[in-house]
Amino acid sequence: MVFTFLVFLHLIATCAAIGTIVVTDMRLAAKMMGYRVVIPRPERFETVMVSASLALLYLTGIALVAVALSDRPDYLTNGKLQAKLVLVGLLTLNAFILHFMAFPILALSWPVSEWTRSQWFTVAASVSLSNSLWFFCAFLGVARIWNFTVSAGYVLAVAAVVWTVVYLLVNLALKLGSRDAPRQQPDWVDSTIATLSDFARLAAARVRPLPIDTQSPSANQHNYGRRLTDRRADGLADRRRARRD
């Protein structure tokens, strides 16, 4: 029962962190659908949520390993677990890089086109590493088939491939956001921005306020309540004038 409860807390912390990261990534990606893009730093709530989730993951993870060691003393020889411990340590180190190096760059509110090469690399490498590690570590949590069947080197190699793919995607997104204005002869960057902008406008057009039916029962009831309140106020005012007279 204790083990199940720890797994449940571990799962909740993972879902909270990944959910916050996905929402943040989608919000920041929406900023890339234009020209002379300025990427804002994540909101304080988002960073606090991810940090709190990471702390809870550490606590529950240590407890889960301790419980597993009591049942199986050779549990630490699991190659998948060894690789996951290395990746979690790298994820924690990268969190400090994000907070003290990448986020200050975003806080400058400079267009992506004005970033230096070092600023570009710092943001692209740290953001891609954070996203890839969070999702890959979550995948390792359910990849039971790798328990005691693969080496730590194999898992780390797969993680490196995943990070490389995400790193290329982040650089592609930054490439789209680094264009200050459309060119006279549109290229693939202008075409991609136009396509993404069309999707964004289509999505925004679908979200419209619902018209209010003034003849509906709820509206009539609301109007009746207002009239009743006005009548009571008028009656109270008349009684006060009568007392004064």
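Each value in this text was obtained by applying a stated rule to the coordinates, not by laboratory testing. Please read all numbers here as calculations on a predicted model, not as lab measurements. Neighbour counts run over all protein chains shown; Cβ positions are idealised from the backbone, glycine included.
Counting only lysines at least 8 places from LYS175 when in the same chain, those with an alpha carbon closer than 28 Å to its own are LYS31.
Where does the charge balance sit around PHE136 when Lys and Arg score +1, Asp and Glu -1, over other residues with C-beta under 14 Å from its C-beta? Charge balance in the 14 Å sphere: +2. With a simple spin-label model that places each label point 7 Å from the Cα along the Cα-to-Cβ direction, the separation between LEU69 and THR4 comes to 2.6 nm. With θ taken as phi - 60° and the Karplus curve 6.51 cos²θ - 1.76 cosθ + 1.60 applied, the whole-hertz 3J(HN,Hα) list for region 136-151 is 5, 5, 5, 5, 4, x, 10, 7, 5, 5, 8, 5, 6, 10, 10, 8 Hz, x standing for glycine and proline. For region 27-121, the list of GluC sites (Glu not before Pro) that fall in a loop by DSSP and count at most 16 other C-beta atoms within 10 angstrom reads GLU43. Residue-wise HN-Hα couplings along region 153-170, as the Karplus relation 6.51 cos²θ - 1.76 cosθ + 1.60 with θ = phi - 60° gives them from phi, are x, 5, 5, 5, 5, 5, 4, 5, 5, 4, 5, 4, 5, 5, 4, 5, 5, 5 Hz; Gly and Pro carry x. Among the chymotrypsin sites (Phe, Trp or Tyr not before Pro) found in region 81-131, not one is both in a DSSP coil and sparsely packed, with 14 or fewer other Cβ atoms within 10 Å of its Cβ. Per-residue 3J(HN,Hα) values for region 72-85, derived from phi via the Karplus relation 6.51 cos²θ - 1.76 cosθ + 1.60 with θ = phi - 60°, read 9, x, 8, 4, 6, 7, 5, x, 5, 5, 4, 5, 5, 5 Hz in sequence order (x marks Gly and Pro). Look at the Cα gyration tensor of region 55-99: its axes a ≥ b ≥ c give a/c of at least 1.5 with a/b at or below b/c, and that counts as oblate.
Compactness check for region 2-205: Cα Rg over 2.2 N^0.38 Å is 1.18.
Apply the a/c threshold of 1.5 to the C-alpha gyration tensor of region 1-40 and tell me whether it is rounded, prolate or oblate. The shape class here is prolate.
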